[in-house]
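Below is one structure, written out as structure tokens; the observations come after it.
The values are calculated or read from the model by the stated rules, or taken from the named source; none is laboratory data. Note that the structure is a prediction, hence the values are computed from the model and not measured. Cβ: placed from backbone, ideal geometry, glycine included. Neighbour counts: every protein chain shown. Quick note on the areas: whole protein, heavy atoms, side chains included, nothing else; ligands and nucleic acids left out. Shrake-Rupley method; radii C 1.70, N 1.55, O 1.52, S 1.80 Å.
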Amino acid sequence: MNHKIYLSLTDNDIEVLKTLLSTSQSENLNLLLKLFIDKEDKDEYIRHKVYLSLSDLSGFEPDDFNDNSDLNLDLGLKQYHKKSLKNYFQRIVKDLKSVKIITVKECEALNDVNDCLKLVKSKI
């Protein structure tokens, strides 16, 4: 079972966490830390965050869908859900230090997960 944990950490706390995890036997924790804190692989960071966003809105686990999944037919997202993707996706873009804006209209036009990935990547 996966658990969501939200933390608010200072830069100093992050360094302590990095040190702690470097001695951990959990490779998964180390990979997640590198993905979220260091954002070493932007494409993988975007993919992970987009999948988490879609999971949050749809109720499906990220492993239950793929890039070709239809937002409406497979994930049950209606037009009002797609409009709310703007906030999720804008946060990803901001995290990657881009000032480009994702519009509600762009989100309304999304059809599948791949479209979501392309939209976010186009703003980086």
Interchain or sequence-distant (5+) residues whose placed amide H lies within less than 5 Å of the amide H of D112 are L71
How big is the stretch 1-106 by Rg and Dmax over its Cα atoms, in Å?
-> 15.7, 46
Heavy-atom accessible area per residue of the chain, all protein chains kept, 1.4 Å probe, expressed in Å², is 67
For the chain, what is the mean residue ellipticity at 222 nm derived from helices alone (per DSSP H run of n ≥ 4: -39500 (n - 2.57); sum divided by total residues; nearest 500 deg cm²/dmol)?
-> -16500 deg cm²/dmol
Sum up the charges of everything whose Cβ sits under 14 Å from the Cβ of N68, counting Lys and Arg as +1 and Asp and Glu as -1, but leave N68 out.
-> -4
Among the listed pairs K42/K105; K34/K82; K39/K123; K34/K100, give every one whose C-alpha distance is greater than 22 Å.
-> K42/K105; K34/K82; K34/K100
The chain, accessible surface, carbon-and-sulfur percent (1.4 angstrom probe) | 51
Using a cut-off of 13 Å between beta-carbons, work out the net charge of the residues near L17 (Lys and Arg +1, Asp and Glu -1, L17 not included).
-> -2
Quotient of C-alpha Rg and 2.2 N^0.38 Å, computed over the stretch 1-47 | 1.18
Taking the Cα atoms only, what angle lies between the long axis of helix 79-95 and the longest principal axis of the chain, rounded to 10 degrees?
-> 30
Would you mind counting up the charge near Y88? Only other residues with Cβ under 10 Å from its Cβ, with Lys and Arg at +1 and Asp and Glu at -1.
-> +2
